[in-house]
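Beneath this line is the structure, given in C-alpha cells, with notes to follow.
Bear in mind that the values in this text are calculations on the coordinates, not laboratory data. Predicted model, so just to flag it, every value in this text is computed and none were measured. Cβ atoms come from the backbone with ideal geometry, glycine included; neighbour counts cover every protein chain shown.
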Amino acid sequence: MFTNLPPITKALLIANAAVFLLQAMLGGRVFTPFELWPLGMPEPYASQGARFMPWQLLTYGFMHGNLPHLLFNMLALLMFGAQLEHVWGNRRYLSYYLVCVVGAGLCQLAVASWMLDQGTGIVRTVGASGGVFGLLLAYGLLFPNQRVMLLIPPVPMKARTLVIVYGVISLLFGVTGTQSGVAHFAHLGGMLFGWLLIRYWRGQPPFGGGRPRGPRGIRGM
C-alpha cells in the first residue's frame, strides 16, 4: 500500500516520521526554535530559543508531542490526503496542505499570544493537525457522500457530516477551554484557510465571481 501512495503524501508521511525520530534521539531542546511559540515570550524562555520566529509557522507542522499524536495525524493524512492528491495533482495538493498548516499556525499564534498577554499561561504548538483538518474539509467538499469510519467511536458517517462534527467539536472545545492541551483553534484555522483557498480557486466571494482558477476536481464542489 505504501509503495502505491502518490509522491507528496508519501513524502509528508516520511518527513513527519523522520522528524519524530530525530526528536526522540536528539531531545526536545534541539527543536525548541522550530516549535510555534507565542509573541512576547518572557525571559528566560526567549533567550533559550522559546520565542516566535517566522519559520515556525511551517516547521511546527512537522513535529509531534508523542507517538499517538503522530499516528493519528498520519492516519488521517493517509486516508484523506492520498485521494485529494490524485484529484488535484502534486503541486496544487502540496500548496493546499502548506497553506492550511501556515493558516492554522497564524490562528493558533493569535490565540496563544492573547492567552500569554492575559497571563493564562505559555502555550507551545506542534503537530500536523492544522494541515490534516484542512484536508478533512477538502475531502468533505469533494466527496461529501463518501462513507468514512470514525476511530473513536467506530461509527460510519458521510464525509460531509464528519467535517461538521469535527468542526463543531473543535469550536466548542476551543471556546470552553476543554482539552486545554489540544490546539483546537489551529484545527479551525486549518479548515478556515483551506475553505478560503478552495473558494479562491473557484473564483467565489470574497475573491470575486470570475473564472475558476482551480483544477477540474475543485470546480464542481
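Screening the chain for whole DSSP H helices of 18 Å or more along their axis (Cα) with average Kyte-Doolittle hydropathy at least 0.0 returns 7-26, 90-117, 129-142, 159-176, 184-202.
The calculated FRET efficiency for the pair Y45 and A15, based on their C-beta separation and a Förster distance of 25 Å, comes to about 0.40. For the stretch 46-70, backbone nitrogen atoms closer than 16 Å to the point 7 Å from A24 Cα along Cα-to-C-beta are found at 63-70. Largest GNM mean-square fluctuation among F133, F20, F207, using the chain with Cα springs under 10 Å: F207. Measuring how big the stretch 2-219 is from its alpha-carbon positions, Rg and Dmax come out at 17.5, 52 Å.
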